[in-house]
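What follows is a set of notes on a single structure, which appears directly below.
The values are calculated or read from the model by the stated rules, or taken from the named source; none is laboratory data. Not measured: the values here are computed from a predicted model. No Cβ is skipped: glycine too gets one built from the backbone with ideal geometry, and neighbour counts run over all protein chains shown.
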Protein chains: 4
Amino acid sequence: MTKLHIEPIFDVAQIAHVEVLSDKPKETIKFFTDMLGMQVIEQLGNQTYLRAYEDNYKYSLIVTEADEPGLGHVAWRTTSPQALERRVKALEASGNGIGWSTDQHGHGPAYQFTTPDGHLMEVLWEVDYFDCPVENRSKLLSRSQKRPLQGVPVRRLDHLNLMSSNPAADANFLIENLGFKLREQIVDDGYVLGAWISVSNLVHELAIMQEPTGQKGKLHHVCYWYGVPQNLYDAADILKDHGYFIEIPPNKHGISQAFCMYAYEPSGNRVELFGDAGYLILDPDFQPITWEMKDVPGNGDTWIGAVFPDSFWNYGTPVTAPVALKAVAE
Amino acid sequence: MTKLHIEPIFDVAQIAHVEVLSDKPKETIKFFTDMLGMQVIEQLGNQTYLRAYEDNYKYSLIVTEADEPGLGHVAWRTTSPQALERRVKALEASGNGIGWSTDQHGHGPAYQFTTPDGHLMEVLWEVDYFDCPVENRSKLLSRSQKRPLQGVPVRRLDHLNLMSSNPAADANFLIENLGFKLREQIVDDGYVLGAWISVSNLVHELAIMQEPTGQKGKLHHVCYWYGVPQNLYDAADILKDHGYFIEIPPNKHGISQAFCMYAYEPSGNRVELFGDAGYLILDPDFQPITWEMKDVPGNGDTWIGAVFPDSFWNYGTPVTAPVALKAVAE
Amino acid sequence: MTKLHIEPIFDVAQIAHVEVLSDKPKETIKFFTDMLGMQVIEQLGNQTYLRAYEDNYKYSLIVTEADEPGLGHVAWRTTSPQALERRVKALEASGNGIGWSTDQHGHGPAYQFTTPDGHLMEVLWEVDYFDCPVENRSKLLSRSQKRPLQGVPVRRLDHLNLMSSNPAADANFLIENLGFKLREQIVDDGYVLGAWISVSNLVHELAIMQEPTGQKGKLHHVCYWYGVPQNLYDAADILKDHGYFIEIPPNKHGISQAFCMYAYEPSGNRVELFGDAGYLILDPDFQPITWEMKDVPGNGDTWIGAVFPDSFWNYGTPVTAPVALKAVAE
Amino acid sequence: MTKLHIEPIFDVAQIAHVEVLSDKPKETIKFFTDMLGMQVIEQLGNQTYLRAYEDNYKYSLIVTEADEPGLGHVAWRTTSPQALERRVKALEASGNGIGWSTDQHGHGPAYQFTTPDGHLMEVLWEVDYFDCPVENRSKLLSRSQKRPLQGVPVRRLDHLNLMSSNPAADANFLIENLGFKLREQIVDDGYVLGAWISVSNLVHELAIMQEPTGQKGKLHHVCYWYGVPQNLYDAADILKDHGYFIEIPPNKHGISQAFCMYAYEPSGNRVELFGDAGYLILDPDFQPITWEMKDVPGNGDTWIGAVFPDSFWNYGTPVTAPVALKAVAE
């Protein structure tokens, strides 16, 4: 109407589930169940399937026993079966496609691919929904089950953060092939050190941050959501009292404006908890926000606090480099 | 891929602004500025333009002097100029189109239409963004300006709630012509008493509730958002202490799960404040939730409290019927 | 120095424990343990001893099996053994003394007495402290044990509220004999309908409210404390989801300014939960606040909300009169 | 009754007011009024008197223009005129007494003295109460005036923290002469590095921490109270957005369990804000808690977060030593 305007792609809807690797699966599962109130839905071979009480689907997290911690894979759900077909075509054309995986537990056919940095991902449409036993159904009809009485229970999977040897390359790959939108980024002398991208009104379902040693395929963190800032204090309180490592206490991010905190589960994977998810991007013509790296400490990492520790920028799983890590689950 | 699946429409992005009518414009504006920390951007004739500090656009609220309170109009922003063209075609075909309005302050051409119940609406693409004076810019780059020091400042416009003589007719009209999706509804013996519809991940940008006397075109409330539940207590505290009428104190809705409260601004329009917006609908195949009216009091209206007062179901603006209203700005 | 000033009595320090009666002790205990995270310390005969995780003493609550719900007794701890001797002398002289009880579990000799309305009370000095097993000790040294992972755990006993046929008579008896101070009161045409009295900086360890039918010796509620307003929402959420009756959802009292909520445990005793305890009285010459009953609804009961339901003013345990009670643990 | 027990002294009730020195009084006052919602009550010569909206007395803070920031004096109010006489006798006998000051604004005769470290203090009984103009009175009768609409308004003065060349000497002086009780302390190889002492149920009205260079008479911080943890985020948000220095963002202390944050007002004095005051000490036989310094970082300073910065341990006013201070009101 007024100028040439390329219409956005609306083919990917959300993050559907994340698989994390653990060399201490029992302790890892205990962290998610005893502290964060998640529920084990199924145990199949070396894989345990878990869900938060307001997750819609059968599960949102897979813990897979492995030699070292890290990312297994992440699954994105499309907005329709037709959208899935379109995205698979684009992925096939990208040269990064792997092919269809048809025998996974809890969902239908998923097309697998890797990011340029090598993280394993998949897109899918068909998913199994959580079928709540009658006695555990809530009168709050949008809630998948009654609120658990264990720990400080998280409500749903929120997002994933990956480390990459080249964040811009990965972000652009997902923007072009899956329709992600760039929301915020950190640049240093023109080089992209971090990118926050989303397919929804959230600021991000995926963040990609620079891995400082150039190591590929690493996980920065997976994040679950509470919706209420105070619950971060409750969660921090029990994590501290019960011997888990809190890397960053409750705080407010500049980037995303989310109320956040970071802890490490026992195998070393970083877990973020969101009090609230920050601002929503409802403006359809939202222009990406660019932070100069020099302005990030004390504004972008934390809006109201001391700058984040070096480990936040350096540590990911698997731990492949001599990182100055203060302590993990000391 | 698996079954015949009609792809959703992604043409409308968000609520852009709301115009409310007031027979006490000075007092109404004082309520929004002194209590809710909003800023007057411009005064043109009998219209005052206001914004919240995290609103992106030049304004989100117009207060227009009128003989009685009520809704002026609501504007929806599309996801692209092409999307606007498509929606205008649909609206023209619907028989409810009015035509283009091209001389409004703060935005480009808007296509106007009415709902079956007679509420004036418009769709538009071009909007003026807020241009923050340099000295008031925040280092928090996603924030349109520094957080105000006045009152308990709201962050952004959230949604609108209208009363209708036939909620289903209005909801269906917007679902068919603008691509809204039905999220939650209240039914009584098959008749729809209320519908919560959205174009985004929010549970609603628009709710439509039954006007019990069959009166048409009424406003139930306009809602602004804080993001933090506790701020509702702060807002309630100053509203109470400074003599404004609180209809419903801070509470958690069952429908939408939002932390909410309701007050009346001095001309009588109901204003809702959101602590947090409740759950987000990220599932692209989300099935609408249906509440039987008998289950709503004590579960759907309020999840954790006493049932809502009759005024919540009966009172809207303009006040056309002999409503048992306890007090307005007593 | 300036005028004749009678020095205050500092002989009673705090509420030490409360005994409640229950005709459904298993369900009552389940309420306090599963929902409120309290711990059963001991079971002796028909009595179960429980504590909250920041209670200092061996227990703060006794649940005693009985034919109907109500108050067993309440114990006050003095500020010294000498203070106990002084208070016993005063009680003996009052004519309401009963005598020493020397065989109770968890504390030393207690001198028992009744209020004019017949509530059983005792004063004591020697108490058993909670001896935390080493593995459950917290690094937070002022915390008696690690924060529990069950339910939304309360931190400590806060206060007691009794119904009386004559609140002023009971309040004055305790002011004169134990050194309580009158903090706030409700009067109607000169008659005292409620009195909030304390021996500490809290606004009350004890409130006494009018029993409308003249019934004697009834319990209005016992209250536990969280310290954080948000925890009331978490508590309300699990109580609602798990089928308990919430009489009044989270709110802010005018009287005391506390963030409060009220639920009924399964045998029918009302339980209050405090988000925060409101204002502290540090002023040594604090003048009692007097509310006219006509100003209480909407200001004194609740500062920011709808007036409290009739049950708040009428219902107590045991339920001796035909009270219009909506539902108890429906 | 059971053993020889020395009865406690109940002669001092609370902290009445604090005088801070400022070399930028206009900016200092702007900080307390614009950001923290305090009110200027009077300006006399180089002194400005301010109060928070739930302070009972005419003022709780005096800002005095001076060459450098620091403590002017602190005033303690006794529990009665007789108690004042007793404390004055003890102070006279201590050798640290100065004498009666009878011409101060807003209160009656005050007996002045210094701590061993040289901090100026006074004890008094007679005080002027705040006389609220009728139009600003609140229907919430325990609130001295309506809640202000400016900034994020603090409710009342909470406590003072001083630096000393010998914390134990100062603490013992106040324990012996004024009846303070030791609540928590930090020791290192038997030497007391910090002491938290109180006369009320609060964990402290006064903390005394080691000045690392042996400098005498310094101020660590003065603290105001909100009562609600979330308000710390609101306060931090406006302080950050409006250019003030936040030394430590909202956090939970181990010592005292208070929700705290620290900022510097423009002349450099540290100001603490309390979300809630932590646990109350109601136990009359409470045994002081002793922290080994090695256990303090990460447990005692902050219960749930990163250890406090060096400036917390080193920086006080006046700034007399070459302290590695990151920034003050940068």
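Some observations on this one:
- From the list A:Lys30, A:Lys26, the lone residue that is free of Cβ contacts under 8 Å to residues at least 40 places away in the same chain and either at negative phi or part of a helix (DSSP H, G or I) (or both) is A:Lys26.
- Residue ID - nearest to B:Gln47 (Cα to Cα), chosen from residues in region B:91-117 that are of a type in the set (Gly, Ala, Ser) and touching a strand residue (DSSP E or B) at 6+ places or on another chain (Cβ under 9 Å): B:Gly106
- In the set A:Gln215, A:Gln210, A:Gln230, A:Gln257, only one residue is more than 28 Å from D:Gly254 (Cβ to Cβ) and in contact with a helix residue (DSSP H, G or I) (Cβ under 7 Å, 6 or more places away or on another chain); that residue is A:Gln210.
Condition check ((1) hydrophobic (A, V, I, L, M, F, W, C); (2) within 24 Å of C:Ile246 (Cα to Cα)) across all residues:
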| site | (1), (2) |
| --- | --- |
| C:Ala169 | yes, no |
| C:Ser198 | no, no |
| C:Glu205 | no, yes |
| C:Lys218 | no, yes |
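- Residues in region B:128-140 that are surrounded by fewer than 20 Cβ atoms within 10 Å (Cβ to Cβ) and polar (S, T, N, Q): B:Asn136 only.
- Some residue of region B:229-247 being assigned to a strand (DSSP E or B), at the interface with another protein chain (Cβ under 8 Å from one of its Cβ atoms) and at pLDDT 95 or above: yes
- Any chance A:Leu50 is modelled with pLDDT of 95 or more, in contact with a His (Cβ under 7 Å, 6 or more places away or on another chain) and either surrounded by 17 or more Cβ atoms within 10 Å (Cβ to Cβ) or in a strand (DSSP E or B) (or both): no
- Qualifying positions in region B:162-183 - surrounded by 21 or more Cβ atoms within 10 Å (Cβ to Cβ) and either under 17 Å from the mean Cα position of the chain (by Cα) or of a type in the set (Lys, Arg) (or both): B:Leu162, B:Met163, B:Ser164, B:Pro167, B:Asp170, B:Ala171, B:Leu174, B:Leu178, B:Phe180, B:Leu182, B:Arg183
- Residues of region A:272-294 that are more than 10 Å from chain B (Cβ to nearest Cβ) and of a type in the set (Phe, Trp, Tyr): A:Phe274 alone.
- Matching residues in region B:201-210 - criterion: being buried (at least 24 other Cβ atoms within 10 Å of the Cβ) and either over 13 Å from the mean Cα position of the chain (by Cα) or closer than 22 Å to B:Ser22 by Cα (or both): B:Leu206, B:Ala207, B:Ile208
- Selection within region B:184-199 - surrounded by fewer than 22 Cβ atoms within 10 Å (Cβ to Cβ) and touching a residue at least 40 places away in the same chain (Cβ under 8 Å): B:Gln185, B:Val187, B:Asp188, B:Leu193
- Residue check, C:Asn269 closer than 21 Å to C:Thr28 by Cβ, more than 8 Å from every other protein chain (Cβ to nearest Cβ), in contact (Cβ under 8 Å) with a residue 60 or more places away in the chain and in contact with a Pro (Cβ under 6 Å, 6 or more places away or on another chain): yes
- Within region A:32-42, the presence of a residue that is among the charged types (D, E, K, R), surrounded by fewer than 19 Cβ atoms within 10 Å (Cβ to Cβ) and within 14 Å of chain B (Cβ to nearest Cβ) is excluded.
- Identity of the residue in region A:212-221, surrounded by fewer than 24 Cβ atoms within 10 Å (Cβ to Cβ) and of a type outside the set (Lys, Arg), that ends up nearest to A:Ile289 (Cα to Cα): A:Pro212
- Residues in region A:49-94 that are aliphatic (A, V, I, L, M) and over 19 Å from the mean Cα position of the chain (by Cα): A:Ala66, A:Ala83, A:Leu84, A:Val88, A:Ala90, A:Leu91, A:Ala93.
- Test for C:Glu184: is it at pLDDT 95 or above, within 12 Å of another protein chain (Cβ to nearest Cβ) and within 24 Å of C:Gly106 (Cβ to Cβ): no
- Number of the condition not met by B:Tyr224 [criteria: (1) within 22 Å of B:Met163 (Cα to Cα); (2) not in a strand (DSSP E or B)]: (2)
- Residue check for D:Ile255: over 20 Å from D:Leu21 (Cα atoms) and away from chain A (no Cβ under 11 Å): yes
- Taking the conditions (1) surrounded by fewer than 22 Cβ atoms within 10 Å (Cβ to Cβ); (2) on the phi > 0 side of the Ramachandran plot in turn, A:Gly151 satisfies each one other than (1).
- Strands (runs of 3 or more DSSP E) lying entirely in region D:251-330 (those with 2 or more residues that are modelled with pLDDT of 95 or more, within 18 Å of the chain's Cα centre (by Cα) and among the hydrophobic types (A, V, I, L, M, F, W, C)): D:259-264, D:270-274
Every residue, every condition in (1) touching a Leu at 6+ places or on another chain (Cβ under 7 Å); (2) over 17 Å from B:Ile29 (Cβ atoms), yes or no:
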site	(1), (2)
B:Val228	no, yes
B:Asn231	no, yes
B:Ile238	yes, no
B:Gly243	no, no
B:Gly254	yes, yes
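- For region D:157-177, the set of residues classified as within 14 Å of chain C (Cβ to nearest Cβ) and either out of contact with any Cys (no Cβ under 6 Å at 6 or more places or on another chain) or assigned to a loop (DSSP other than H, G, I, E, B) (or both) consists of D:Leu157, D:Leu160, listed by residue number.
- Within region A:43-67, being over 18 Å from A:Glu265 (Cα atoms) and within 13 Å of another protein chain (Cβ to nearest Cβ) holds for A:Tyr53, A:Glu54, A:Asp55, A:Asn56, A:Tyr57, A:Lys58.
- Unique residue being of a type in the set (Ser, Thr, Tyr) and under 26 Å from C:Ser142 (Cβ atoms) when the list is C:Thr64, C:Thr102, C:Thr114, C:Thr79: C:Thr79
Yes or no, residue by residue, for (1) closer than 24 Å to D:Val63 by Cβ; (2) surrounded by fewer than 23 Cβ atoms within 10 Å (Cβ to Cβ):
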position: D:Pro81; (1), (2): no, yes
position: D:Glu85; (1), (2): no, yes
position: D:Glu92; (1), (2): no, yes
position: D:Trp100; (1), (2): no, yes
position: D:Asp103; (1), (2): yes, yes
position: D:Pro109; (1), (2): yes, yes
position: D:Gln112; (1), (2): yes, yes
position: D:Val123; (1), (2): yes, no
position: D:Glu126; (1), (2): yes, yes
